[in-house]
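Structure first, then comments.
The values are calculated or read from the model by the stated rules, or taken from the named source; none is laboratory data. In this text the structure is predicted, and so the values were computed from the model without any measurement. All Cβ positions, even for glycine, are placed from backbone atoms using ideal geometry, and neighbour counts span all protein chains on display. For the accessible areas, the whole protein counts, side chains as well, though only heavy atoms, and no ligand, DNA or RNA atoms are used. Shrake-Rupley method; radii C 1.70, N 1.55, O 1.52, S 1.80 Å.
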Amino acid sequence: MIEELRHWDREIARSILKVQIPAYKVEARLIGHDIPALHDTVESIISSEETYIGYYFNKELAGVLSYDITENVLDICRLVVAPPYFRKGIANDLIDHLLNTRAKGKVVRVTTGKRNTPAVNLYKKLGFCEKDEVKTSEGFMLTKMEKKHTF
């Protein structure tokens, strides 16, 4: 089941971090670099202005997606799945839900580590195109992707 998360609730923020930290540790190993979101805290989640949705599997939070919307653009800010739930279609379902409920007529953008092959492949499968590569000040490469969602 997918639902919007009240991330300003301390317990929900803790649940988000229980998914986010292990997932980003896996990604950090894949890309060979630290990820700023590994340093998020309950307070940073609570104060975030992003909108969060969660995927529950047997009443346990298994995946989280957060996003920002401006007039014509929807930015996916984070997409994480708890490692025990990898390869179960949860990330795909979260993106599909977002596209079908929030993205009509918008350009949907996402940025991920260039070496995060599973994420890059998932976004490509869902119709995202690579738009740019950016080298961070720390020296690792990011891939920027987007798609125009018309329906």
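General remarks:
- Apart from one condition, Val81 fits all of (1) within 14 Å of the chain's Cα centre (by Cα); (2) at pLDDT below 95; the exception is (2).
- Taking the conditions (1) free of Cβ contacts under 8 Å to residues at least 40 places away in the same chain; (2) loosely packed, with under 15 Cβ neighbours inside 10 Å in turn, Lys104 satisfies each one other than (1).
- Scanning the range 18-39 for residues that are over 18 Å from Pro118 (Cα atoms) and at pLDDT 95 or above yields a single hit, Lys18.
- Subset of the range 1-47 [among the polar types (S, T, N, Q) and either surrounded by 15 or more Cβ atoms within 10 Å (Cβ to Cβ) or within 22 Å of Ile69 (Cα to Cα) (or both)]: Ser15, Gln20, Ser44, Ser47
- Scanning the range 94-133 for residues that are among the acidic types (Asp, Glu) and touching a strand residue (DSSP E or B) at 6+ places or on another chain (Cβ under 6 Å) yields Glu130, Asp132, Glu133.
- Glu50 meets all of the listed conditions (1) open to solvent by 30 Å² or more (accessible area, probe 1.4 Å); (2) more than 20 Å from Asp9 (Cα to Cα); (3) without any contact (Cβ under 8 Å) to a residue 60 or more places away in the chain; (4) under 13 Å from the mean Cα position of the chain (by Cα) but one, namely (2).
- Residue match in the range 139-146 (condition: open to solvent by 50 Å² or more (accessible area, probe 1.4 Å), more than 16 Å from the chain's Cα centre (by Cα) and not polar (S, T, N, Q)): yes
- Condition check for Thr111: surrounded by 19 or more Cβ atoms within 10 Å (Cβ to Cβ) and free of Cβ contacts under 8 Å to residues at least 40 places away in the same chain: no
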